[in-house]
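Worksheet: the structure to be examined is printed underneath.
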Amino acid sequence: MRRIASILFLLWVGSLFAQVKIGFINSQKILDGYRGRETLLNEYNRRKQEWEAKAQQMQTEIRDMYNALEEQRAMLSEEAFDRRLSEIRQKEAEYQQFLQEVFAPGGKLEQLYSEVMDPFIRRVKEITQRIAQEEGYTVILDLASGMVLYYDEKDDLTQKVLNELNAEFVQAEIDTTPSLLGKPRFWVFKFRELDDESKRLGLGSKMVSFMKAAIAVIGKYEIAEGDRIKSAVGDAGLIGKREEEFDFHDALEVGRLVPLDLVIIGEVSTSGGVVTGKCKVISVKEEAVISEVEETVTGTSEEAIKTLVSKMVEKIQFP
């Protein structure tokens, strides 16, 4: 009956607010995908483990006291036996009180979780409210509540909120852990192979490898860590998309999440033994393409591809 009432309520709300723009987030997905989750929950998990260890120790102590009493029962007077049994029951009462104070609803563990999570929840609300206002949403519902029967994925703001949270966390990490080389960082995504010959020769991957090396040699920029790129790709919701298919917005989003200073995307093609390479250099800070380059070379050998990349890098207008 309660479930039916909930369904009827949602249907009534849907008809009443037919003209209202309703958006959605999934708070559980946001927490699960938050890159700072481990840091956020460090203190909570530490205290939880301490309390669990103490509860286990108390339980073991009670069990050992019962075992010892049973072994010595024949040697104890009735008075001594009752006294020892009373001590054990006192320990049991203390154990139950400890469980109640720490692990029961409203107990210390739950209170600690709230203390740890409250600032995070406030930030999620702030980001959600700002995005809702910018995009004209009147109501935002939480899919994690289990009360939403249907929603249009285009109104799911979960990834946008998560991206911003992760960008803030990563930026905080970068601010407190500067690059070992102290240089601006870049990344080159795999070049898109536009024809079968380029795919057969794996020119997209070769272009990336040679371009990273050529830019690093200049000495002004540092190659970003591959693990950070992978994490950012996941955080941006691009796991199912091939790297060579990343467009301007995809590359910019990954660059913002890592964060990077420059990201480069490009394409390569072959025709009649001539290889053509094109690339765009994107400034993450300016959120704009700052240089576009196109070059050709005759031949498909590794030396030819290295020459092609060198010619392209020479023409790039690095900031």
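See the values below:
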| quantity | calculated |
| --- | --- |
| Share, in percent, of DSSP beta bridges within the range 178-315 that are antiparallel, nearest 5 | 75 |
| Over the range 66-175, relative contact order from alpha-carbon pairs under 8 Å, at least 6 apart, % | 15 |
| Share antiparallel - DSSP beta bridges, the chain, percent rounded to 5 | 60 |
| The range 285-312 versus the range 187-256: alpha-carbon centroid distance in Å | 14 |
| Calculated SAXS-style log₁₀ I(q)/I(0) at q = 0.17, 0.19 Å⁻¹ - the range 178-315, Debye, Cα scatterers | -0.89, -1.09 |
| Per-selection metrics, the chain (Cα): Rg and Dmax in Å | 30.2, 104 |
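Read-outs throughout are calculated quantities, based only on the coordinates presented, and are distinct from any laboratory measurement. These numbers were taken from a predicted model, which means no experiment stands behind them.
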